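Down below is the structure, laid out as structure tokens.
The values are calculated or read from the model by the stated rules, or taken from the named source; none is laboratory data. Keep in mind it's a predicted model, so treat the numbers as computed, not measured. All Cβ positions, glycine included, derive from the backbone under ideal geometry; neighbour counts span all protein chains shown.
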Amino acid sequence: MRNRDEIALWPVYFDSAKTRKEGRRIPKKLAKPYPSLEEIGKALERLGVPYRLIPDAAYPRIHWEKSGVVLAKKIKAKNKLLKEVASMLEDGKSRLLREKL
């Protein structure tokens with residue numbers, strides 16, 4: 001259950017493969033393809049924001065897909081936090097290279 005002092009960060013908010021209508025909340029130039037909960041968590045760690053992961057949650061617009069959610073402590077405006085997290089996410093190319101090694 002979510003508290004009032006937490007902000008829900010769904011992976012779809014940062015997914016460059018999704019449209020605004022499908023749930024992306026940041027500009028496409030900041031978005032990354034298929035971000036994971038762990039990547040969002042690492043970005044929040046680097047920003048010094050406490051968070052918790054809920055891996056079995058489903059985004060309401062895509063309720064059949066259990067993508068999970070990250071609940072971050074509300075220390076600033078949601079839109080500002082979204083942009084900061086997006087700028088801290090790795091790009092897909094570096095992630096793919098790391099997985100091949």
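Remarks
- Among the residues listed as 42, 73, 83, the single one being more than 15 Å from residue 14 (Cβ to Cβ) and surrounded by 13 or more Cβ atoms within 10 Å (Cβ to Cβ): 73
- Only one of the numbered conditions (1) surrounded by 14 or more Cβ atoms within 10 Å (Cβ to Cβ); (2) among the small types (Gly, Ala, Ser); (3) free of Cβ contacts under 8 Å to residues at least 60 places away in the same chain; (4) out of contact with any helix residue (DSSP H, G or I) (no Cβ under 7 Å at 6 or more places or on another chain) is not met by residue 8, and that is (3).
- Only residues that are out of contact with any strand residue (DSSP E or B) (no Cβ under 9 Å at 6 or more places or on another chain) and among the hydrophobic types (A, V, I, L, M, F, W, C) were counted across the stretch 13-41, and they come to 3.
- Of all residues in the stretch 45-63 being among the hydrophobic types (A, V, I, L, M, F, W, C) and modelled with pLDDT of 90 or more, the one that is farthest from residue 6 (Cα to Cα): 58
- Counted residues, the stretch 24-63 - those being within 13 Å of residue 89 (Cβ to Cβ) and either assigned to a helix (DSSP H, G or I) or of a type in the set (Phe, Trp, Tyr) (or both): 12
- Annotation for the stretch 24-39: at least one member residue is in contact (Cβ under 8 Å) with a residue 60 or more places away in the chain and surrounded by 12 or more Cβ atoms within 10 Å (Cβ to Cβ).
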